[in-house]
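Notes to accompany the following structure.
The values are calculated or read from the model by the stated rules, or taken from the named source; none is laboratory data. Bear in mind the structure is a predicted one, so any value in this text is a computation, not a measurement. Glycine gets a Cβ as well: all are built from the backbone with ideal geometry, and neighbour counts include every protein chain shown.
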Amino acid sequence: MSPNNKKRVALVVGASRGMGRQIAIDLARNGYAVVVTGKSVSDASKVTPFPPNPDSDESTTSTVVREILEAGGEAHAIAVDVRDAVSVKRMVDGTVEKYGSLDVLVYNSGAIWWAAIEDTPLKRFQLMQKVNPEGLYATIQAALPHFKAQGWKARIIVVSPPIYSRFFRGKTAYAMGKVGMSVLTKGLAMDFERQGRKDMAITSIWPAAALASAATIGPSAKSKADPRELRKATVFSDAILAMLAAPTSVVNGLLDLDEDFLKRHAGVTNFDKYNLVEGANPRRIMPAEFPDLRVKEQDDEGKRIDLAKAKL
């Protein structure tokens, strides 16, 4: 429990619609006070009918907060532009100012463009790097002082994939950022371990099958997916809840899939309830196994160099 609040506090970055909205709602259902963040805001009191299509532009941080409050939960909206470090710091500081602590940080913000390198303009590449790895880095940098102040007890969830070569195919510019986020997960996990922070964990999660979202079936989706090939976003939020319930030793530095984690750690064997279309069988789009990133000399790095402490 948070020291100054009866509820644990979760900050969901990128929660206006789709997966982020579902994560925020399910965290609230499970007793968290949730800070819902994103760029889109609206006057939720004037939205009719309510709630809006969760994968449309009508779904905003404001409407998600209204959904949570009307269901009896606790939530607060903070607008953020993750490309702006000042805005990011204001978001994190505002969360702690509102609720007194930060127990769970979920980074779901993302920019997407799947195309060959020759068909990916530099501005599109730069946008993805700003929103994906740089936005994550800025958010974690802003959160670390608060984690320190509360005794290094918190969880971080990052929406990024396991690292494997097929992920680069046809979307290299996007993969550069997303894999960078997974590298951050691995590296920060090693920092936590080396510094003896046993109550801290950072975990990356990715969908095993395609999920219903603004990018796949939303009104503005550029290439709409077959609904029979999609799962509901609840499979993703259920996996995150299972990760948060697991010991830090199990999840720190883990790059995993929603389906695989639920199978191994939550005892889920039948995923039919997650199918967007009843009776469908969504295809798994991720490999059955992933490469082990450790090398034989994993712990033999020689003399450690820390330029932050070096005399320059």
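So which residues in the stretch 234-272 are of a type in the set (A, V, I, L, M) and over 14 Å from I157 (Cβ atoms)?
So the first thing to find is which residues in the stretch 234-272 are of a type in the set (A, V, I, L, M), and the list is 235, 239-246, 250-251, 254-255, 257, 262, 266, 268.
Listed by number, the residues that qualify are V235, L262, A266, V268.
Which one of the conditions (1) surrounded by 15 or more Cβ atoms within 10 Å (Cβ to Cβ); (2) farther than 22 Å from V251 by Cα does I117 fail to meet, given that it meets all the rest?
(1)
Tell me which of these H146 doesn't satisfy, since it passes every other one: (1) more than 16 Å from L11 (Cα to Cα); (2) over 16 Å from the mean Cα position of the chain (by Cα); (3) part of a helix (DSSP H, G or I); (4) modelled with pLDDT of 95 or more.
Among (1) more than 16 Å from L11 (Cα to Cα); (2) over 16 Å from the mean Cα position of the chain (by Cα); (3) part of a helix (DSSP H, G or I); (4) modelled with pLDDT of 95 or more, H146 violates only (1).
Find all pairs meeting these conditions: Cβ atoms under 7 angstrom apart; at least six residues apart or on different chains; first residue within the stretch 165-188 and free of Cβ contacts under 8 Å to residues at least 12 places away in the same chain; second residue surrounded by fewer than 19 Cβ atoms within 10 Å (Cβ to Cβ) and in a helix (DSSP H, G or I).
A175/F168
For every residue, the table says whether it meets (1) touching a residue at least 40 places away in the same chain (Cβ under 8 Å); (2) within 19 Å of the chain's Cα centre (by Cα).
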site	(1), (2)
A201	yes, yes
W206	yes, yes
L211	yes, yes
P219	yes, no
A246	no, yes
L255	yes, yes
D260	yes, yes
D272	no, no
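Restricting the search to the stretch 211-239, which residues are crowded, with 19+ Cβ neighbours inside 10 Å, small (G, A, S), modelled with pLDDT under 95 and in contact with an Asp or Glu (Cβ under 8 Å, 6 or more places away or on another chain)?
If the condition is that a residue be crowded, with 19+ Cβ neighbours inside 10 Å, small (G, A, S), modelled with pLDDT under 95 and in contact with an Asp or Glu (Cβ under 8 Å, 6 or more places away or on another chain), then A212, S213, A214, G218 are the ones that fit.
Having 2 or more residues that are charged (D, E, K, R) is the bar; report the helices (runs of 4 or more DSSP H) wholly within the stretch 193-268 that clear it. Show your work before the answer.
Values: elements: 234-245, 248-251, 258-265.
In the stretch 193-268, 258-265 are the helices (runs of 4 or more DSSP H) which contain 2 or more residues that are charged (D, E, K, R).
Would you mention how many residues in the stretch 17-42 are of a type in the set (S, T, N, Q) and at pLDDT below 95? Break it down stepwise before answering.
Filtering the stretch 17-42 down to residues of a type in the set (S, T, N, Q) leaves 22, 30, 37, 40, 42.
Remaining after also requiring at pLDDT below 95: 40, 42.
Selection size over the stretch 17-42: 2.
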